[in-house]
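Reading through the structure tokens given below for one structure.
The values are calculated or read from the model by the stated rules, or taken from the named source; none is laboratory data. Since this is a predicted model, take the numbers as computed values, not measurements. Every residue, glycine among them, receives a Cβ derived from its backbone with ideal geometry; neighbour counts consider all protein chains shown.
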Amino acid sequence: MERKTNAIVINPSDSVAVATEKLTAGDTAYYVVNGEIQEIKIVTEVPIYHKFARKDINKGEEVYKYGQSIGKAIRDIHVGEHVHTQNLVSIREGIQH
Amino acid sequence: MNFFGYRRPDGTVGIRNHVLILPCSACASTTADMVSRQVQGTVALVNQNGCAQVESDLAITMDVLAGLAANPNVYGTVLIGLGCENAQASMMEKLIRSKTNKPLYTLVIQEEGGTVATIKKATEYARQMVEEASAMQREEFPLSELILGTNCGGSDPTSGLASNPVVGNLSDRLVDNGSTSILCETTEFIGAEHILAKQAETPEIAQQIYDIIQRYEDHLSNVGENLRNGNPSPGNKAGGITTLEEKSLGCIHKGGHRPIVEVFDYAQRPSKKGLVIMDTPGYDIASVTGIAAGGAQVMVFTTGRGTPTGNPIMPVIKLTANKGTYDKMKDNIDVDVSAVLRGEKTVEEMGGELLQEVINVANGKVTKAEAFGFGDIAISRVCNYV
């Protein structure tokens with residue numbers, strides 16, 4: 001692969017990618033999806049191994065990583081924005097008895 | 001796809017040909033070790049348990065010991081008891097024979113007349129067994145004869161991002177070839193149990209997944225503890241983990257994407273091919289020991305911080321996606337999958353390479369833990385000694 005990537009998408013259906021180096025607003029994130037490099041503009045700071053949105057995510061929408069829901073957006077999240085405790089919470093279905 | 005292994009009289013296929021010197025209790029452990037030092041080709045293990053245990057704990061200990069003797073990587077076993085322990089040699093012998101018809105000799109230190117007499121006889125048995133074992137030839141078998149164990153330990157953010165997904169891809173590849181892949185570490189399912197349950201082949205299996213987690217949580221609440229509070233930890237959050245389901249997904253990803261066809265107890269043998277769950281604790285050494293006792297011939301073990309661990313009878317292939325850890329601990333870690341994080345290789349490509357490494361190790365390639373002779377053993381327990 002010619003261009004060095006700085007993020008990773010674990011499953012093609014994921015709405016978030018993970019930074020593999022620290023990214024700051026204005027940086028371009030490069031990651032591979034289905035064998036092809038994709039890029040998006042980063043709009044906030046994203047620490048290494050933290051998540052950012054690959055697309056706009058509406059408040060109340062589920063967020064996907066590993067091809068699975070990892071919780072729900074508690075505010076609108078813009079493409080390229082850091083996704084963490086300030087905008088994502090757990091949806092614990094809990095244990096069924 | 002095929003590998004070369006040893007055909008056992010009980011119908012299983014081993015990838016190693018060990019003679020096991022097995023102590024029934026802590027009181028026989030040093031004697032077992034002394035015997036093993038006399039004869040090349042044997043392995044012994046340290047058994048901390050086998051006596052002063054409540055009934056349920058004793059049952060776990062005996063299941064583990066008998067399971068290790070029955071593991072396909074073992075040619076035969078020399079069983080050594082003290083004589084007065086709870087895990088009586090005669091009961092252990094019966095339990096082992098209920099699982100396998102492989103060669104087995106039993107000695108009791110108090111009956112043989114002490115250390116020297118026991119070591120003398122055990123050494124003769126062991127030497128004879130090693131001679132028989134060494135005359136065996138490897139034969140070609142399909143991958144469907146393999147049982148793979150998966151585990152993680154010393155995890156860091158790279159484990160969930162790359163190492164565990166690569167192992168998940170390996171698991172899928174093996175299951176597609178008719179093999180069995182064991183997912184474990186029940187305590188680390190918490191938060192993702194609803195996702196695992198959706199992967200279950202039937203509603204009954206889904207319920208069993210909830211049940212083993214509930215059993216753990218009940219057990220912990222009995223002693224006033226809770227695994228959910230403060231989880232993910234502040235350290236997890238600083239590392240980029242936001243929710244408990246995200247943390248647990250990183251762990252369960254080792255199992256891959258195939259349907260879960262069976263859930264069974266610690267140290268028991270899977271009865272089905274495909275992706276299965278063994279109920280093990282998050283303590284890596286106890287989990288690995290239970291998986292070896294369940295009959296897995298080989299394990300892949302993901303780590304972020306790095307660990308030297310190995311099992312006496314089941315090769316443990318360790319991998320990391322943390323390049324710094326690999327570079328620092330090359331003599332302990334077998335496979336570097338950090339290329340996935342750099343975007344140089346896909347999870348699928350790395351999974352294919354890992355499958356080849358598993359086949360190489362099955363065919364006889366020595367893992368780093370085997371080269372150093374690492375043989376860590378921990379047996380899961382319910383309560384304190386009595």
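The residues of region A:49-78 that are in a loop (DSSP other than H, G, I, E, B), within 14 Å of chain B (Cβ to nearest Cβ) and within 16 Å of A:V9 (Cβ to Cβ), listed by number, are A:Y49, A:H50, A:Y66, A:G67.
A:V83 meets each of the listed conditions (1) within 11 Å of chain B (Cβ to nearest Cβ); (2) touching a strand residue (DSSP E or B) at 6+ places or on another chain (Cβ under 6 Å); (3) surrounded by fewer than 17 Cβ atoms within 10 Å (Cβ to Cβ); (4) not small (G, A, S) apart from (3). Given the condition within 24 Å of B:V382 (Cβ to Cβ), touching a Cys at 6+ places or on another chain (Cβ under 9 Å) and modelled with pLDDT of 90 or more, answer yes or no: does some residue in region B:189-210 qualify? Yes; the residues of region B:189-210 include at least one that is within 24 Å of B:V382 (Cβ to Cβ), touching a Cys at 6+ places or on another chain (Cβ under 9 Å) and modelled with pLDDT of 90 or more.
Filtering region B:219-275 to residues that are over 18 Å from B:N169 (Cα atoms), of a type in the set (V, I, T) and either within 14 Å of chain A (Cβ to nearest Cβ) or in contact with a Pro (Cβ under 7 Å, 6 or more places away or on another chain) (or both) leaves B:I241, B:T242, B:T243.
Test A:E39 against the stated conditions and say whether it is more than 27 Å from B:N229 (Cα to Cα) and either among the β-branched types (V, I, T) or in a loop (DSSP other than H, G, I, E, B) (or both). The answer is no for A:E39. Among all positions in region A:15-29, there is no residue which is under 19 Å from B:H253 (Cβ atoms) and of a type in the set (D, E, K, R).
For region B:305-347, the candidate set comprises residues that are of a type in the set (D, E, K, R) and under 28 Å from B:G294 (Cβ atoms); within that set, the residue that is surrounded by the most Cβ atoms within 10 Å (Cβ to Cβ) is B:K318. Of all positions in region B:95-102, at least one carries a residue that is touching a strand residue (DSSP E or B) at 6+ places or on another chain (Cβ under 8 Å), crowded, with 19+ Cβ neighbours inside 10 Å and within 22 Å of B:S380 (Cα to Cα). The residues of region B:310-331 that are touching a residue at least 60 places away in the same chain (Cβ under 8 Å), of a type outside the set (V, I, T) and closer than 22 Å to B:Q356 by Cα, listed by number, are B:G310, B:N311, B:M314, B:P315, B:L319, B:A321, B:N322. B:T202 meets the conditions (1) free of Cβ contacts under 8 Å to residues at least 12 places away in the same chain; (2) within 13 Å of chain A (Cβ to nearest Cβ) in every case but one. The failed one is (2).
Exactly one residue among B:G282, B:G295 is away from chain A (no Cβ under 14 Å), touching a residue at least 40 places away in the same chain (Cβ under 8 Å), in contact with an Asp or Glu (Cβ under 7 Å, 6 or more places away or on another chain) and in a loop (DSSP other than H, G, I, E, B), and that residue is B:G282. On the stretch given as region B:324-350, residues that are over 17 Å from B:N151 (Cβ atoms), touching a helix residue (DSSP H, G or I) at 6+ places or on another chain (Cβ under 8 Å) and away from chain A (no Cβ under 11 Å) total 4.
Determine which member of the set B:S163, B:S98 is within 14 Å of another protein chain (Cβ to nearest Cβ) and modelled with pLDDT of 95 or more. I'd like the intermediate steps shown before the answer.
Values: B:S98 fails: within 14 Å of another protein chain (Cβ to nearest Cβ).
Exactly one residue qualifies, and that residue is B:S163.
Restricting region B:367-381 to residues that are more than 17 Å from B:A292 (Cβ to Cβ) and hydrophobic (A, V, I, L, M, F, W, C), the residue that is surrounded by the fewest Cβ atoms within 10 Å (Cβ to Cβ) is B:A371.
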